[in-house]
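> Following this message is one structure expressed as structure tokens.
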Amino acid sequence: MSYKEISSLLKTFFSECREMLDTMENSLLDLEKGIGDQETINSLFRSVHTIKGSSGLFEFNEIVKFTHIVENILDQLRKGEITTDETLIDTLLKSKDYIESLIDEYE
């Protein structure tokens, strides 16, 4: 694969990560406002799952490790094993910020 092709793929990756982070933040804010539902939680999970999977393709291992932890928490939320509360939402918003900082570093 040429440098130009890899560069293009990375540009797409970073752009899509930013979209997933926006989705993550919007979903968390909806949950915080009490207007989120199961689809909101599923969307939140998919965002983190997509970032993790795409990061793995580029061997961005720090992103993969951290998003895996967040993904596990969100899977528990999806299954009803834990519930949303102010502390969880705050922690997940901070996690989103940290994921964003990792993406910034790789970019």
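The values are calculated or read from the model by the stated rules, or taken from the named source; none is laboratory data. Bear in mind that the values here come from a model prediction, so they are computed numbers and not experimental data. Ideal geometry is used to build each Cβ from the backbone, glycine not excepted, and the neighbour counts take in all protein chains shown. Just so you know, the surface numbers come from the protein's heavy atoms only, side chains and all, with ligands and any DNA or RNA stripped out. Shrake-Rupley method; radii C 1.70, N 1.55, O 1.52, S 1.80 Å.
> How much of the accessible area of the range 59-107, in percent, comes from carbon and sulfur atoms when a 1.4 Å probe is used? Write out the running numbers ahead of the final one.
Values: 1400 of 3050 Å².
Carbon and sulfur: 46 percent of the exposed surface of the range 59-107.
> Net charge within 13 Å of residue 23 by Cβ-Cβ distance, Lys/Arg positive one each and Asp/Glu negative one each, not counting residue 23 itself?
-4
> Less than 9 Å Cβ to Cβ from residue 93, Lys/Arg counted +1 and Asp/Glu -1: what total charge do the surrounding residues give?
Taking every other residue near residue 93 into account, the sum is -2.
> Using helices alone, I'd like the mean residue ellipticity at 222 nm for the chain: each DSSP H run of four-plus residues gives -39500 (n - 2.57), total over residue count, nearest 500.
Numbers: 4 runs with 90 residues, N = 107.
Rounded to the nearest 500, it is -29500 deg cm²/dmol.
> Cα to Cα, under 27 Å, and not fewer than 8 places away if on the same chain: which lysines meet these conditions relative to residue 96?
11, 33, 52, 65, 79
> Which of [x] 41; [y] 45; [z] 68 is the computed percent of Cα pairs over 19 Å apart for the structure on display?
Label of the calculated value: [x].
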